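The structure under discussion appears below in the form of C-alpha cells.
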Amino acid sequence: MTITIQYLYYLVGLVLAVTAMMTLRDSSNPRRFSAGLFWALYALVFLIGDLLPPAWVGAVAVVMALIAGFGGVMGGKHQPRTDAQYLASAQRLGNKLFVPALAIPLITMVGTLSAKHLVFGGVPLIDPKNSTLVSLGIGCVIALVLACKMTRETPAQGLRESHRLIDALGWALVLPQMLGMLGLVFSDAGVGKAVAYVTTTYINMDVRFVAVAVYVIGMALFTVIMGNGFAAFPVMTGGVGVPVLVGVYHGDPAVMAAVGMLSGYCGTLLTPMAANFNLVPAALLEIDKNAVIRAQVPTAITLLIVNVFLLNFLMFR
Amino acid sequence: MPVDLNLWPLIGVLIIIAGFALRFNPMLVVIVTAIGTAFAAGFPLDKVLAAIGAGFIKTRNLPLIILLPLAVIGLLERHGLRQHAQNWISSIKSATAGRLLIVYLAARQLTAAIGLTSLGGHPQMVRPLLAPMAEGATENRYGKLSGKVREKLRAMSAATDNVGLFFGEDIFVAFGAIVLMTTFLKEAGIEVEPIHVALWGIPTATAAFAIHAFRLHRLDKQLARDIAAEKKVAQGESA
C-alpha cells in the first residue's frame, strides 16, 4: 500500500467537516451558520473535489469567497485555561512538551530522506512524488498519538483544539489556495506574456546595467504581483534574461538564473500575495496582518540592491 | 506586437493592486481578479468557472502544511507548551531575542541548504516555540512587555524563519526551483549544470544572512530603547 497525498486530503476533509459541525452547533459564534457553511464547502473540496466537474468547484470557490468577503466567517469564543493551569501543566510535563512538537519536523525529515528506500514488494510506502507532504502527514498523526498519551487527552480534544485554531485563522487559512488558483488563472489567460511584452517594449535596454537592473527588479515586482517566484521566472527570463542578458550581452546563464530566482524571493518577502509566508503567520501569531511584511521590508530591499550589483559583476566576469 | 497577443488580461494586475491598496477583503479581491482576468482573456462563463475550479483543485496541497499540525500544536498549547518555552529560554542567562534569532537564522539557512526544509515553519516552530522564546528572553531582561514590543518580536520571528528558508533552500541542488530553472533554460536552447545554478546562489545567500543578522543584532538595542521610552511615558503618566 502506498500512502499518497489523496489520504491527506481525506484526513483534512474530515477535520474540516468536524470543524463545520462544531461551528454550526457553537452558540457563542455570531455567524455560526454562514461560517459552518464555509467550512462545510471547504471540506467538500477536499473530500470529493476531484470527482466534481471543475466548473462546480469553481462555483464553490466563488461562494466561499463571497461568504468570507462579506464577513460571514467568524470564530466562536473559546474559553482559555487560567494562567495557573498553564503553568502547573508546563511544570508537570517540562521538557517532555517539546517531544511531540519536535517529532513533527523530525519525522517529516526522516520520512522524506528514506522515502526511496521504503519499498515493500515493489510498492513504495510513501508516494515519491509528494514525499515531504506525506511524511509531514505521518509525522502529525504520530505526534498526535504521542501528545494524547502524554497529556492523557483524547483525539476528540485534538479536534476541538484544531477547531479553536481554525477559528482563530478564519478565511486566512483558505487564502493561499485562492492565490495559488489565481496564479494558474493568470498563466491560462496569458498575463505573463503581456507583462513581458510591455516591459521589453517600453524600457530602453541598450545600457547593460539598465538591463541587469530591469531583470532583477522585474523578477521582484512580478513576484510581488503573482506571489510566487516560480511564476515570475519564466516570464522575466523569457522576456529579458535569455534574449538580452545572455543573447546580447553574453552573460553566464547559471548566475542569471540563481540571482534572478533569489531576487524573486525578495519579492515574496514583500507581498500579501504570498499569504502562506506573510499573512497566515501573522494570523497564527495574532498580530496585525501586515506586521510580518513590515518586518521583512528592510532586509528584502537591501538584498535586492545587493543583487543588482552581484549579478552585474558575477555574470560578466 | 505579435498578432496573437492579447493585452487585456493585464487588467487583472490592475484589479489586484487596486483591491489590495483600497483594503478590500483579500478573498473578494482574488476572486474578482480571477473572474475579470478570465473574461478579459475572452473565456466564456462556463470556462471561467472551470478555470477557477481546476486551479482550486490543483492547489489543494497548499493548506496541508498549516492544517495538519494544528491538532498537535493546539493540544500542547493547552498543556502549557508556550509557557514552558518561555521558562526554558529564561534559564539561559545570556539569551537575548536578537541572539536567539541569529542562531535560528543560521540553523534554518544551513539545514535548508542541505535539503532539510521541513525543520521549521510557522505552525509547528514559530508559533509554539520560536516566538514565545523570543518573548521569554526579552521578558527575562525587562519584565512585562507591552503589546507593541510583543508584536515586533513575533513579526521578527516569522520574518527570520522566512529569510532563513528562502535563502537556504535555493542552494540545495535537488530543490524544485533549480529543476524548474534548468528545464526552462534547456527549452530556450541553453544548457546549464544544476550544480552551477546552486553554487551561484551562495553569494546572495551570504548577503541575505549578513543583512538580516545585522538587523537582528540591532534589534536588541532597539528593544532596550523602545522599552526605556515606554517606561518613561508610563512614569510620566503616574507622576
*Relative contact order of the stretch A:1-173, pairs being alpha-carbon contacts under 8 Å that are 6 or more residues apart, as %*: 27
_Filter chain B for me: DSSP H helices, axial length by Cα at least 30 angstrom, mean Kyte-Doolittle hydropathy not below -0.5. List them by residue number._
B:147-169, B:202-238
*Inter-chain Cβ neighbour average for residues A:162-171, partner chain, 10 Å*: 4
_Average partner coverage of B:112-119, which counts Cβ from other chains inside 10 Å_ = 4
*Report the FRET efficiency, 1/(1 + (r/R0)^6), for A:PHE316 and B:PHE214, where r is their Cβ-Cβ distance and R0 is 30 Å, rounded to 0.05.*
0.60
*Averaged over peptide B:87-93, how many Cβ atoms belonging to another chain are found within 10 Å of each residue's Cβ?*
1
*Rank these for me by crowding, A:HIS78, B:HIS84, going from fewest to most other beta carbons within 10 Å.*
A:HIS78, B:HIS84
_Just want to confirm a number: the relative contact order over the stretch B:148-221, from Cα pairs under 8 angstrom separated by 6+ residues, in percent._
32
*Computed over the Cα atoms of the stretch A:194-278, what is the convex hull's projected area averaged over all directions, in nm²?*
5.0
_Cα-based helix-to-principal-axis angle, A:208-226 vs chain A, degrees rounded to 10_ = 20
*Measure off 7 Å from each Cα along the Cα-to-Cβ vector at B:ILE92 and A:THR154, then give the distance between these two points in nanometres to one decimal.*
3.9
*With a bin width of 10 angstrom, please list the P(r) values of the protein assembly as shown as percents of all Cα-Cα pairs, from the 0 bin to the one holding the largest distance.*
4, 17, 27, 28, 18, 6, 1, 0
*Could you give the nm distance between label points at A:LYS96 and A:LYS289, where each point is 7 Å from its Cα heading toward the beta carbon?*
4.1
*Answer rounded, prolate or oblate for the stretch A:52-92, using the Cα gyration tensor with square roots of eigenvalues a ≥ b ≥ c: rounded when a/c is under 1.5, else prolate when a/b is larger than b/c, else oblate.*
prolate
*Around A:ILE126, which amide H atoms from residues at least 5 apart in sequence, or from another chain, sit under 5 Å from its own amide H, with H modelled in the peptide plane?*
A:ILE3
_Extension gain, B:ARG99 back to B:ARG141 (0.36 nm per residue minus Cα-Cα distance, nm)_ = 13.8 nm
*With springs only between Cα atoms under 10 Å, which of A:ALA283, A:ALA257, A:ALA35 fluctuates most in a Gaussian network model of chain A?*
A:ALA257
*Simple spin-label model, 7 Å along Cα-to-Cβ: A:ILE48 to A:TYR10 in nm?*
1.6
_Please list, in order along the stretch A:193-198, the HN-Hα scalar couplings obtained from phi with the Karplus expression 6.51 cos²θ - 1.76 cosθ + 1.60 (θ = phi - 60°), rounded to whole Hz, x for Gly and Pro._
4, 5, 5, 4, 4, 5
_Rounded, prolate or oblate for chain A? Axes are the square roots of the Cα gyration tensor eigenvalues, ordered a ≥ b ≥ c, and the cut-off for rounded is a/c under 1.5._
prolate
*How much net charge surrounds A:THR299 when only the other residues with a Cβ under 13 Å from the Cβ of A:THR299 are counted, with Lys and Arg +1 and Asp and Glu -1?*
+2
*May I ask you to sort B:TRP88, A:TRP39, B:TRP8, A:TRP171 by Cβ crowding, counting other Cβ atoms within 10 Å and putting the fewest first?*
B:TRP8, B:TRP88, A:TRP171, A:TRP39
*Output the relative contact order of chain B, whole-number percent, from Cα pairs under 8 angstrom with separation of 6+ residues.*
18
*State, in angstrom, two size descriptors of the stretch A:1-173 derived from its alpha carbons: Rg to one decimal place and Dmax to the nearest whole number.*
18.7, 54
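No value in this document is a laboratory result; all are computed from the given coordinates. Predicted, not measured: the structure shown is a model, and the values here were computed from it. Please note: Cβ atoms are built from the backbone with ideal geometry, for glycine as well, and neighbour counts cover all protein chains shown.
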